[in-house]
Structure formats: structure tokens, C-alpha cells
Amino acid sequence: MEILAFGVQADEKPLIERAFQGHHEVRCLDVFLNEDTALIATGYEVVCTSVNCDLGRRVLQTLAAGGTRMVAQRSTGFNNIDLLVAERLAMTVARVSYYSPHSVAEFAWTLAMAVNRRIVRASTRTRDFDFRLDGLMGRDMHGRTAGILGTGKIGEAFTRIAHGFGMNLLGWDVAENPACLQLGMRYVPKDQLLAESDLVSLHVPLMPETRRLIDADALRTMKDDAILINSSRGGLIDTAALVAELRDGRFTGVGLDVYEAEAGLFFLDKSLEAVGDDTLARLVTFPNVLVTSHQAYYTEDAVGQIIETTLENVLDYRAGRRSENVLVPRS
């Protein structure tokens with residue numbers, strides 16, 4: 001069987017081809033699955049997708065009409081897939097429920113330290129042989145308070161690093177993580193966490209109840225000199241409200257690896273085009289904001305685990321097996 005993989009990055013392609021060798025053939029495309037590209041999948045029983053692919057109703061209907069019976073998503077998140085439509089179309093959907101939490105946690109801390117210590121500005125200056133320190137002053141993390149919204153596997157890994165810095169730990173989640181409690185974390189209401197934290201990092205999934213979890217009211221609750229980090233999902237933050245707060249001179253730094261309207265932008269080269277997203281264009285102009293293109297997961301370790309699990313999901317589908325990764329089972 002030949003599998004069609006959409007949205008494959010250049011670094012991923014050899015890893016995917018190597019993993020599937022001896023099992024199934026795989027055709028890798030750098031284009032993303034959407035209404036314009038869905039017809040390419042005609043005749044492919046299995047398609048492999050990334051989080052920025054569009055698997056809404058119209059795309060799924062096109063896939064089903066072309067003979068696709070399984071979607072193997074190469075990510076933990078699946079908010080881009082209409083699962084109800086997939087179920088009605090008798091289409092199996094599986095995801096990667098687990099991969100290295102350290103990849104995302106470590107990158108979240110990379111963003112935090114980069115905006116705290118003004119690394120991007122410093123690097124730009126030294127390239128121009130400007131070695132002044134004006135405007136580059138940061139703050140010690142030791143002794144300050146880290147607020148972690150979401151204390152699952154990634155949140156726990158982020159917490160362990162914060163503990164290593166010697167920070168006070170505040171947490172918010174639907175359930176307390178015993179490992180975080182052992183590190184000294186106190187679970188508090190969200191508003192208290194936002195009001196008391198010097199660093200706020202988001203590690204919750206994007207669901208209807210968490211969409212725009214950080215809205216205008218939440219942003220106003222935060223300290224004026226706080227650092228805000230989001231390496232989870234862009235939809236967790238009301239970006240227009242964030243821009244308004246930044247315009248008022250608030251926040252020491254903001255590090256965003258995700259953006260709520262990133263589909264059609266992230267993972268693509270738009271350097272020679274006029275980007276029509278005024279909110280994103282304004283966001284990247286602030287000197288205390290660092291935006292990266294959804295790369296927190298992008299390590300050899302994590303991507304390798306994602307691909308291996310994706311292969312297992314396809315093999316399970318072919319064998320009629322079901323695992324914890326299955327979102328819509330084979331009918």
C-alpha cells in the first residue's frame with residue numbers, strides 16, 4: 001500500500017521514508033492538505049497529515065469520495081479534524097498521543113530566556129559590531145514565580161526546569177499532578193496564578209473550554225512586567241487583545257511558538273509575499289516579542305517518536321487493531 005503524506009518538512013522526509021521502509025511505500029508532499037489539494041489524495045487509502053492541514057467537512061468528504069479510509073495525524077493535537085464528519089464517513093482517524101515532552105518544555109524555556117535576556121536584540125547588535133548593553137538588562141529567574149497553566153507531561157517537564165532555576169511554582173489544571181506537588185507546586189485559581197506569576201507558560205490543549213483562555217481580562221490580570229510564553233496552541237490567546245496590551249507598554253517579554261491564525265502561514269515561506277494578517281504583522285514589530293513558527297516539537301527525538309507512532313497507527317489500522325491513539329475507530 002502507498003501512503004500519501006501531506007505537509008512534510010525537508011528534515012522529516014528521510015525519517016518518514018526510513019521508518020516506513022519494508023512496511024508501506026510513502027509519498028511525501030510539502031503542500032498541506034486543504035480544499036485545494038484534497039483531490040491529490042484520490043486513490044490513497046491512507047493519508048498522513050500534520051496539525052496545520054485542514055480536515056474539515058469538505059476536505060473529509062473529498063477524501064472519502066476518493067477512496068481514503070484512514071487519516072494518520074502526525075501530532076498530538078487534532079483540533080483541525082472534524083471527528084464527527086469522519087465518523088459519519090466511516091473514516092478511521094488516529095493521532096500521536098505521546099512524544100517527548102522535553103522537546104516542547106525545553107523550547108518554551110528557550111523562548112522565556114530569549115525574551116528575558118534580550119538575546120535576539122543582542123545578536124542583531126553584535127552582527128553590526130554594536131556592543132552596547134543599553135536595553136539588554138534582564139532579570140534572574142531564581143526566586144521569582146512561575147505559573148504553569150496545564151501540568152500534564154509537558155507542563156511537568158517545564159515545571160522541573162523551573163524548579164531547577166529555584167523558582168516558586170504555581171499551577172492550574174483540572175487535576176493536580178503529584179510529581180509537580182512533590183516539586184513544591186501550589187495549585188491556585190487561574191486569576192491568582194496570573195496575578196502572582198512573573199512568568200506564565202501555557203501547556204493546555206485547545207478545546208472549546210480553553211479557547212482564548214488568555215483573553216483581555218486575563219491579560220489585564222497579569223503583572224505589567226510579566227513574561228508570557230505559549231508553545232501549546234495559538235487559539236489559547238486572544239491575539240488582538242495581546243497586541244492592545246503590548247501597545248500600552250505592558251509585559252517584559254512574550255514568546256509565541258504558535259499563533260491562532262497560523263494555518264496557511266506557518267511552515268511556509270512567505271518572505272516574498274505581502275502577508276495580509278495585520279494582527280501578526282503588528283505583533284512581530286514589538287521589540288519584546290519573539291515569534292517562532294511552531295517548532296517546539298521539532299527535535300530528532302520527538303519527530304522520530306511521532307513518525308514511529310504514526311507507522312504503528314497505520315499497521316494497527318491494517319491489522320484491525322485499536323490503540324489509545326485512535327480517535328475514530330475503524331467501522
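The values are calculated or read from the model by the stated rules, or taken from the named source; none is laboratory data. No experiment lies behind these values; they were computed from the predicted model shown. As a convention, Cβ positions derive from the backbone with ideal geometry for all residues, glycine included, and neighbour counts pool all protein chains shown. Areas reflect the complete protein model, heavy atoms only, side chains present, ligands, DNA and RNA absent. Shrake-Rupley method; radii C 1.70, N 1.55, O 1.52, S 1.80 Å.
Points to keep in mind about this one:
- Within segment 7-33, tally of residues that are of a type outside the set (D, E, K, R), within 24 Å of VAL258 (Cβ to Cβ), surrounded by 15 or more Cβ atoms within 10 Å (Cβ to Cβ) and without any contact (Cβ under 8 Å) to a residue 60 or more places away in the chain: 4
- Criterion (at pLDDT 95 or above and of a type in the set (Val, Ile, Thr)) met by exactly one of VAL289, VAL275: VAL289
- Evaluation of VAL46 against (1) crowded, with 21+ Cβ neighbours inside 10 Å; (2) modelled with pLDDT under 95 (one fails), failing number: (2)
- Residue satisfying condition, being open to solvent by 30 Å² or more (accessible area, probe 1.4 Å) and at pLDDT below 95, within set GLY135, GLY152: GLY135
- Annotation: CYS53 fulfils all but one of (1) more than 16 Å from ARG69 (Cβ to Cβ); (2) over 19 Å from the mean Cα position of the chain (by Cα); (3) open to solvent by less than 20 Å² (accessible area, probe 1.4 Å); the unmet one is (2).
- Out of THR279, THR285, one residue alone is β-branched (Val, Ile, Thr), assigned to a loop (DSSP other than H, G, I, E, B) and open to solvent by 40 Å² or more (accessible area, probe 1.4 Å). It is THR285.
- Screening ILE214 with (1) touching a residue at least 24 places away in the same chain (Cβ under 8 Å); (2) touching a Leu at 6+ places or on another chain (Cβ under 7 Å); (3) open to solvent by 10 Å² or more (accessible area, probe 1.4 Å); (4) not acidic (Asp, Glu) gives one miss only, at (3).
- Comparison of ALA86, ALA38, ALA105 shows that the only residue that is open to solvent by less than 10 Å² (accessible area, probe 1.4 Å) and either touching a strand residue (DSSP E or B) at 6+ places or on another chain (Cβ under 8 Å) or modelled with pLDDT under 95 (or both) is ALA86.
- Residue among THR151, THR159 that is touching a strand residue (DSSP E or B) at 6+ places or on another chain (Cβ under 7 Å) and assigned to a loop (DSSP other than H, G, I, E, B): THR151
- Top-ranked residue in segment 115-124 [being part of a helix (DSSP H, G or I) and farther than 8 Å from GLY255 by Cα; ranked as least open to solvent (accessible area, probe 1.4 Å)]: ASN116
- Selection status of VAL254, open to solvent by less than 80 Å² (accessible area, probe 1.4 Å), under 17 Å from SER75 (Cβ atoms) and not in a loop (DSSP other than H, G, I, E, B): no
- Among residues of segment 89-102 being open to solvent by less than 50 Å² (accessible area, probe 1.4 Å) and among the aliphatic types (A, V, I, L, M), the one that is nearest to HIS163 (Cα to Cα) is VAL96.
- In segment 176-211, residue surrounded by the fewest Cβ atoms within 10 Å (Cβ to Cβ) [restricted to those that are touching a strand residue (DSSP E or B) at 6+ places or on another chain (Cβ under 7 Å) and in a helix (DSSP H, G or I)]: LYS190
- Checked against (1) without any contact (Cβ under 8 Å) to a residue 12 or more places away in the chain; (2) assigned to a strand (DSSP E or B), LYS270 passes all but condition (2).
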